[in-house]
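The values are calculated or read from the model by the stated rules, or taken from the named source; none is laboratory data. The structure displayed is predicted, hence computed values, not measured ones. Counting neighbours? That spans all protein chains shown, and the Cβs are built from the backbone with ideal geometry, glycine included. Just the protein is used for accessible areas: all its heavy atoms, side chains included, with ligands, DNA and RNA removed. Shrake-Rupley method; radii C 1.70, N 1.55, O 1.52, S 1.80 Å.
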Amino acid sequence: MAEQKQPEIKNEHLKLFSEIGAKYDYKHQAIFFLNAFWAEYGEKEAETVWGYVQTAGELDKKKGSAGNALDEFEAHRFLEKYGKPLTVVAMRKELKQIDIDTDHKMSLLEFVVYHYKLNVNTLMTRPQGVNEACEKAEQALEEVLAEIAKIEKKKAKLAKKAGKGDGVKAKAAQNELEQLKSADPIPLTKALVSAKAALRKAQKSTDLNAMGKLWFVERELEEAAKYKPKANWKRQGIDLE
């Protein structure tokens, strides 16, 4: 396999690229990429990039979805999942091409640069839009996630109490837990309605420079809307902490 030729990266661009890879979690690295290259890759690749974020979070055993880069072993598994079964020697050669900042790890930003053959200088000079309506939609999404977190925290607390034998308190906790699971979570429903309205308003924007962020807000809201208190909550790339 011929090595990918990356044009010489300007020092200021390399510094900024390294900072983003070190400070941004996987989701925000993905948003940075999609904001910059929405016209070229947005609509056709956004769902694939969402998948990259989920996989990176699952493979990162230290920080999970809050992580920013995969170690050599985790990166190997990541590359294998996306169609690159490699020997250890071949994998290390591959990572050497991917690892732009030479920290012996693979950030999501480094992977998309490698995978989509991006020019880092171009990536670092593309605008990152600030869309007020999108910011409000994101805040509304956070309120939805906060309501889900409240329910999940209460469920966990009641389940712990219910698991302590078969006494009166344990039975009362189990009964309350069942009621919670079957109840209509009105605050959550209201928060979802507000978030969807805020999202519709944000979607009227023609600012392509914030489209990556807007797409992620919509996708996360779509996942949050599937939440049911009676089911085990599978957080698809959504951090409730």
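Applying the condition of being more than 13 Å from the chain's Cα centre (by Cα) and surrounded by 12 or more Cβ atoms within 10 Å (Cβ to Cβ) to region 229-241 and asking which residue is modelled with the lowest pLDDT yields 233. Taken over region 47-89, residues that are of a type in the set (A, V, I, L, M), in a helix (DSSP H, G or I) and open to solvent by less than 90 Å² (accessible area, probe 1.4 Å) amount to 8. Report whether or not residue 14 is aliphatic (A, V, I, L, M), open to solvent by less than 20 Å² (accessible area, probe 1.4 Å) and either within 21 Å of the chain's Cα centre (by Cα) or closer than 20 Å to residue 120 by Cα (or both). Considered against the rule, which asks whether it is aliphatic (A, V, I, L, M), open to solvent by less than 20 Å² (accessible area, probe 1.4 Å) and either within 21 Å of the chain's Cα centre (by Cα) or closer than 20 Å to residue 120 by Cα (or both), residue 14 comes out as no.
Contact map, region 155-181: residues that are closer than 13 Å to residue 231 by Cα paired with residues that are among the aliphatic types (A, V, I, L, M) and in a helix (DSSP H, G or I), Cβ distance under 8 Å, separation 6+ or inter-chain. Pairs shown: 155/177; 155/180; 177/158; 177/159; 177/162; 180/151; 180/158.
Residue pairs whose Cβ atoms lie under 9 Å apart, sitting 6 or more positions apart in sequence or on different chains, and linking a residue in region 56-84 that is without any contact (Cβ under 8 Å) to a residue 24 or more places away in the chain and of a type in the set (Val, Ile, Thr) to a partner that is part of a helix (DSSP H, G or I) and surrounded by fewer than 13 Cβ atoms within 10 Å (Cβ to Cβ), do not occur here. Given the criteria under 22 Å from the mean Cα position of the chain (by Cα), modelled with pLDDT under 95 and either in a helix (DSSP H, G or I) or surrounded by 15 or more Cβ atoms within 10 Å (Cβ to Cβ) (or both), does residue 43 qualify? Criteria met by residue 43. Against the definition (touching a helix residue (DSSP H, G or I) at 6+ places or on another chain (Cβ under 7 Å) and charged (D, E, K, R)), how does residue 99 come out, yes or no? Taking the combined requirement at face value, the residue satisfies it. Of the residues making up region 146-180, those that are among the basic types (Lys, Arg) and open to solvent by 60 Å² or more (accessible area, probe 1.4 Å) are 150, 153, 154, 157, 160, 161, 164, 169, 171. Anything in region 189-216 that is touching a helix residue (DSSP H, G or I) at 6+ places or on another chain (Cβ under 8 Å), surrounded by fewer than 22 Cβ atoms within 10 Å (Cβ to Cβ) and closer than 15 Å to residue 146 by Cα? List them, or say none. Correct list: 191, 192, 194. Do we have any residue at all in region 90-97 that's of a type in the set (D, E, K, R), open to solvent by 90 Å² or more (accessible area, probe 1.4 Å), in contact with a Leu (Cβ under 9 Å, 6 or more places away or on another chain) and in contact (Cβ under 8 Å) with a residue 24 or more places away in the chain? No: zero hits.
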